[in-house]
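The values are calculated or read from the model by the stated rules, or taken from the named source; none is laboratory data. Model, not experiment: these values are computed from the prediction. Cβ sites come from the backbone with ideal geometry, for glycine too, and all protein chains shown count toward neighbours. All accessible areas refer to the heavy atoms of the entire protein, side chains included, with ligands and DNA or RNA removed. Shrake-Rupley method; radii C 1.70, N 1.55, O 1.52, S 1.80 Å.
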Amino acid sequence: GNGYCQTDSLPAKKGAEKERIHISAQSLVADDNEKYAEFIGNVKAVQGDTTINSESLKIYYEGQAEKQIKDQTDKSKNTPGQGQDSIKKIVATGSVKIKFDEIDAQAHEVIYTTIDRVLILNGPGAKVIKKGSGSTTANKITIYRDSGQIKFEGGVEGVFFPGQRDLN
Amino acid sequence: MKKDIKSKKLKIVLISVIITALFGVLSVFTIYRQVLNKTSSMTSSISEGTTMAMQSIYQTAVKDGVTEWSMDAASANYLESENQAVFQEPVVTFFLKDNTKASLSADSGIIKTDSRDINVFGNVILKNQGYLLKTNKLQYKHDQKVFLTETHVEIFRNDFDLSADSAYFDLNSKKIIFKGNVKGTFGEGISL
């Protein structure tokens, strides 16, 4: 079955965008034609309180040309052409562990799209552990960072710690 | 009596011829020494086995009428026996297929005159489209249009910087591979 859960403290702090992302790995392959950079081997990416550990971390970015075209067509957005690439999507694979806000997430693959700030954890056995309240496992977990909503799909199992007043 | 005068005249002529000849030899010798000194001061800066040495030179590599790279250098020693030229303070400009340029500068460099490969050493800086690469040694393989270095390398761009133990940069496919202790920091405008 599927399930939803809404957490109050999830929406990521807006200020996080101001901090730089620090990444370390054994190697990196960057392809400016295909517009991606893939960190490989013991990858660790940190931005403020958010940490990603994985075997590989692939960052897809938008080249300056595409970005300027998009900025012009999207009149409402008055982002000055900073002339720098912007990250569109991040795909982490291989024993992925993510810590952010109050959540520890684990999965084989995690896809994060920056436009909507949605995190998709693909299993099987994708897991979200919320400190002090429990953990839920599913084949697919979608975390909407802006609204704080989490959707669990396929093979959903939850383990929750009883509050002050327990069941019996 | 007449005989004496004649022989005296002959003696004078002979002596003057000898003096002139001596003077001629002396001046040739002096000029020769000057020339020799000049070339020896020039050659003192040339290492052993050099065929030719030149100051402030400009060299290009052209293929099918297209300039692939051009180089300015403070000085150059051409070593014909080893098919190479050693340059001081080379600045190489690469003219790439997509009409962009890459520029490479270093303390010194060696060009293989047969393969047109380039090796540069010391304060190596490679600039290409907003990327700045810094290292201590860099090889350029002309036929593959590839840069590679096995020494610590740093790369900077306005929105990120990166360092690693080695790097391999393919000018045509625009693919770059870093290996060993890769560390990078990325721009502020994104949030994980």
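Determine, yes or no, whether A:ILE115 is within 13 Å of chain B (Cβ to nearest Cβ), within 13 Å of the chain's Cα centre (by Cα), surrounded by fewer than 20 Cβ atoms within 10 Å (Cβ to Cβ) and over 18 Å from A:ILE52 (Cβ atoms).
yes
Would you call B:ASP159 of a type outside the set (A, V, I, L, M) and at the interface with chain A (Cβ under 10 Å from one of its Cβ atoms)?
So B:ASP159 passes the test.
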Subject >> Verdict on A:GLY125 being open to solvent by less than 40 Å² (accessible area, probe 1.4 Å) and on the phi > 0 side of the Ramachandran plot >> reply: no
**OP:** Could you list all residues from region A:87-105 that are modelled with pLDDT under 95, open to solvent by 50 Å² or more (accessible area, probe 1.4 Å) and assigned to a strand (DSSP E or B)?
**Re:** A:LYS88, A:LYS89, A:LYS99
Original post:
Can you name every residue in region B:152-174 that is of a type in the set (D, E, K, R) and closer than 18 Å to B:LYS127 by Cβ?
Top reply: B:GLU154, B:ARG157, B:ASP159, B:ASP161, B:ASP170, B:LYS174
Original post:
Does A:TYR4 satisfy the condition of being part of a strand (DSSP E or B), surrounded by fewer than 18 Cβ atoms within 10 Å (Cβ to Cβ) and at pLDDT 60 or above?
Top reply: yes
**OP:** Quick one: B:LYS145 ticks every box in (1) at positive phi; (2) under 30 Å from the mean Cα position of the chain (by Cα); (3) modelled with pLDDT of 90 or more except a single one, so which number is it?
**Re:** (3)
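Tally the residues that are closer than 19 Å to B:LEU171 by Cα and either touching a helix residue (DSSP H, G or I) at 6+ places or on another chain (Cβ under 7 Å) or not β-branched (Val, Ile, Thr) (or both), restricting the search to region B:65-105.
Qualifying residue count, region B:65-105: 15.
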Original post:
Any chance region B:165-181 includes a residue that's at the interface with another protein chain (Cβ under 7 Å from one of its Cβ atoms), touching a Lys or Arg at 6+ places or on another chain (Cβ under 9 Å) and either of a type outside the set (Gly, Ala, Ser) or under 16 Å from A:SER24 (Cα atoms) (or both)?
Top reply: no
Subject >> Check on A:SER135, part of a strand (DSSP E or B), open to solvent by 70 Å² or more (accessible area, probe 1.4 Å) and at pLDDT 90 or above >> reply: no
**OP:** Filter region B:122-134 for residues that are open to solvent by less than 20 Å² (accessible area, probe 1.4 Å) and within 22 Å of B:VAL86 (Cβ to Cβ) and give the result.
**Re:** B:GLY122, B:VAL124, B:LEU126
